[in-house]
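The block underneath contains the structure these notes are about, expressed in structure tokens.
The values are calculated or read from the model by the stated rules, or taken from the named source; none is laboratory data. The structure presented is a predicted model; accordingly, all values stated were derived computationally and were not measured. FYI the Cβ positions are ideal-geometry reconstructions off the backbone, even for glycines, and counts take in every protein chain you see. Side chains included, ligands, DNA and RNA excluded: accessible areas come from the protein's heavy atoms. Shrake-Rupley method; radii C 1.70, N 1.55, O 1.52, S 1.80 Å.
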Amino acid sequence: MLIPRFLLYLLLLTLPLTALGQNATLTAPLAGADDQPKGAPKLEHFDPNLVDRSLNPCDDFYKYSCSKWMTANPIPSDEVFWTTGSTLELWNENVLRETMEAASNNGATRSAVQQKIGDYWAACMNESGIEAAGLKPLQPELDRIAALQSKPEIALAIAHLHHLFAGAWEQGDNQTNAPFFGFTGQQDYDDAAKVVAQIDQGGLSLPNRDYYIKTDDKSVETLKKFRTHVQKMFMLVGETEAQAGSDAGAVVELETAMAQAQMDNVKRRDPKNINNKMSLAQIRELTPSIEWDAYLKAVKAPASDHYIVTSPDFFRAEEKLLEQHPLEQWKTYMRWHLIVRAAPYLTKALVDERFDFFYRTLAGQEQNEPRWRRCVHNADRDLGEALGQAYVDRAFPPESKARTLEMVHAIERAMQDDIESLTWMTPATKEQAIIKLKGIEDKIGYPSHWRDYSSVKITRDSYLGNVEQASAFEFERWVAKIGKPVDRSEWTMTPPTINAYYDPQLNTINFPAGILQPPYFEMAMDDSVNYGATASVIGHELTHGFDDQGRKFDAHGNLRDWWTAEDAKQYDQRGKCIADEYTEDVPEAGPGVRQNGLLTQGEDTADNGGIYLALYALEAELKKQGKSLDDKGPDGWTYRQRFFLSFAYSWCSNIRPEIARLAVTTDVHSLPIFRIDNVVSNMPEFAKAFGCKAGQKMVRANACRVW
Ligand SMILES: [Zn+2]
């Protein structure tokens, strides 16, 4: 989706994961594992015997839990990180691959859904056909830009580019960076029942503004490499070296100026800063150089009650740029955006050059992932709810859904108890908090009805054409919502996704079927394991409704302050403790790299709160079974220990320094080591589990606690 709603995700960058680790072992079957897809790795399963007993859990719990796994699981060359969830990622992708392969062979008897996913697959895998077509699929688009005669025509060209690519971003692209600006339908912040138009800053092709404006050596060098990459890409579409060099300079000049005008990502975390309502007349005045009426007509935007302009300063600056720079330079800029966005669906030379910069240089990935995986990722993005149906049938039985729902309800009860017992919150705010908690809708596994893709034309002839069709469908689907009632059943993740989110404007928590699998969730495991890995995630998402962003929305999803001033102050003090704790050096990302605790504060608070709720909910469940947290389980570990070990195991990761560095500047989540060690060091309950004493590293003198 184009515009960042305030979706609060669980995971670090969901870049593509690839290739098979060697250690994968299957110790217990998952639901449906009897039909293991061919080529898929065996899934990983929690095993407390993986701990490194030569280390002290009170010194570094992450290393204690993960170092053996980390040594045994180096990062494959076509990956930028490798985690205990990576085999699941591959398992899920192999299910999708089998589904699409079967659909591509099925001839005349295929259903409408099978025709789409089968032909998408066939077109994507047809490398020789794509090679033979060369730049032909791109030529009409290049001609269209070349034919522009005057600046007022730019608006129509932008609308066209948004149709082509705004709904279909290559993995790893920053979704907020549509050419020139972003446009979509979006729930109104002040009236959650209504959808209005939102116009967002955009214009860049690097991950965020920092890449253009930071002046340290590493950033300057990266920007230089970017310029060379742009030049090479222009040469690949037929420009001379000299022309391509000057065109690259023109692109970098414009993107740098747009980056300077963008609101930074810490300021954007506060919805008040982006909730700027304007009338159409005001927008016309803000940037008269963009023919807004022509743009809105071209994207078929229904009339909007008002327009949310996330960053008026950005549009003021863009207006100046449009006035100052000649049409030819803007045509070069548009050509660049067209080429770089179309490249993944064209010839090997373009695919490789783009990979070389965006993945090898920026993320440290040594090799591109195999083609079939790229086809799976893009089909999941473009036709996700068509493909997802088969995934759910195969991997997500009703028992999994029922047991997950039981955990969700247990966590919700724990949160209610927690709110009621808070000493720092007044009764008036508690009452509102509980209304909000009770208003949360739980969505588990997959949507209640499947998206209808019947208007998306998919053929076997053109991979780029299919992506453009799917993008236009997705872009128009969001734009068409403007002025209509909100569709509360909408999901923004597909069923096979290994992730979860809280949506404050719908007030829903969402757990796709893809994450409710080993090593996160497993029917064969006892509660201590599932609560450590999965209920902690449920708790994480639930507390997002009450973190420094989520707490600003009410039970209906309206941006409304329901906190007393005193409670808000108390909350901010506790939030500051977390932000200060996580503002720390990140040696994993290289010397001098420091995490900004203000950027990650919401996620860190959710990590800390989620594990508390999960532990209390587990304690209550065990009590029902006549057990306690400190009873020993079947393998000699106490349930309390198994809970923390399972929590840590679910986060074991190897990460390349390049991607760690990228994550520290762009990602709202902390790196896995902090998601374990900082969290447990704030918890006396952890110290109790492993007998840790004051003065040891995992016992923090100034422990933070919000929930
Ligand atoms: Zn989160």
Conditions (1) open to solvent by 50 Å² or more (accessible area, probe 1.4 Å); (2) at pLDDT below 95; (3) more than 16 Å from the ligand (Cβ to nearest atom) -> Thr14 fails only (3)
Qualifying positions in the stretch 482-497 - away from the ligand (no atom under 16 Å from the Cβ) and open to solvent by less than 40 Å² (accessible area, probe 1.4 Å): Ile482, Val486, Ser489, Glu490, Trp491, Thr494, Pro495, Pro496
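Does Ser462 meet the test of being open to solvent by less than 50 Å² (accessible area, probe 1.4 Å) and in contact with a Leu (Cβ under 9 Å, 6 or more places away or on another chain)? Reasoning before the result, please.
Numbers: open to solvent by less than 50 Å² (accessible area, probe 1.4 Å): yes; in contact with a Leu (Cβ under 9 Å, 6 or more places away or on another chain): no.
So Ser462 does not fit the description; no.
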Filter the stretch 498-531 down to residues that are touching an Asp or Glu at 6+ places or on another chain (Cβ under 8 Å) and open to solvent by 30 Å² or more (accessible area, probe 1.4 Å) and give me whichever is nearest to the ligand (Cβ to nearest atom). Asp527
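I'd like to verify a number: residues in the stretch 371-404 that are assigned to a helix (DSSP H, G or I) and within 30 Å of Leu618 (Cα to Cα), how many?
Residues that pass the stated criteria total 12.
For the stretch 484-503, indicate whether the set of residues that are of a type in the set (Gly, Ala, Ser) and either more than 19 Å from the chain's Cα centre (by Cα) or modelled with pLDDT under 95 (or both) is non-empty. Outline the logic, then answer.
Taking the stretch 484-503 and keeping what is of a type in the set (Gly, Ala, Ser), we get 489, 500.
Narrowing further to those that are either more than 19 Å from the chain's Cα centre (by Cα) or modelled with pLDDT under 95 (or both): 489, 500.
Within the stretch 484-503 (the criterion being of a type in the set (Gly, Ala, Ser) and either more than 19 Å from the chain's Cα centre (by Cα) or modelled with pLDDT under 95 (or both)), the answer is yes, since at least one residue qualifies.
For Gln432, state whether it is touching a helix residue (DSSP H, G or I) at 6+ places or on another chain (Cβ under 9 Å), more than 16 Å from the ligand (Cβ to nearest atom) and of a type in the set (S, T, N, Q).
Numbers: touching a helix residue (DSSP H, G or I) at 6+ places or on another chain (Cβ under 9 Å): no; more than 16 Å from the ligand (Cβ to nearest atom): yes; of a type in the set (S, T, N, Q): yes.
No; evaluated as a whole, the condition is false for this residue.
How do the helices (runs of 4 or more DSSP H) wholly within the stretch 151-252 filter down when requiring 2 or more residues that are among the aromatic types (Phe, Trp, Tyr) and open to solvent by less than 30 Å² (accessible area, probe 1.4 Å): which remain?
In the stretch 151-252, 217-236 are the helices (runs of 4 or more DSSP H) which contain 2 or more residues that are among the aromatic types (Phe, Trp, Tyr) and open to solvent by less than 30 Å² (accessible area, probe 1.4 Å).
Determine whether Val456 is assigned to a helix (DSSP H, G or I), among the β-branched types (Val, Ile, Thr) and surrounded by 14 or more Cβ atoms within 10 Å (Cβ to Cβ).
On the way: assigned to a helix (DSSP H, G or I): no; among the β-branched types (Val, Ile, Thr): yes; surrounded by 14 or more Cβ atoms within 10 Å (Cβ to Cβ): yes.
Answer is no for this residue.
Rundown of residues vs (1) open to solvent by 10 Å² or more (accessible area, probe 1.4 Å); (2) within 16 Å of the ligand (Cβ to nearest atom); (3) in a helix (DSSP H, G or I), yes/no style:
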{"position": "Thr543", "(1), (2), (3)": "no, yes, yes"}
{"position": "Asp548", "(1), (2), (3)": "yes, yes, no"}
{"position": "Gly575", "(1), (2), (3)": "no, yes, yes"}
{"position": "Asp580", "(1), (2), (3)": "yes, no, yes"}
{"position": "Asp607", "(1), (2), (3)": "yes, yes, yes"}
{"position": "Leu613", "(1), (2), (3)": "no, yes, yes"}
{"position": "Arg640", "(1), (2), (3)": "yes, no, yes"}
{"position": "Ser646", "(1), (2), (3)": "no, no, yes"}
Test: Cys652 is in contact with a Cys (Cβ under 6 Å, 6 or more places away or on another chain) and over 16 Å from Gly532 (Cβ atoms): no
Report, ordered by the first and then the second residue, all pairs with beta carbons closer than 6 Å, sequence separation of six or more or different chains, a first member in the stretch 431-452 that is on the phi > 0 side of the Ramachandran plot, and a second member that is at pLDDT 95 or above and not aliphatic (A, V, I, L, M). Gly445/Phe396; Gly445/Lys401
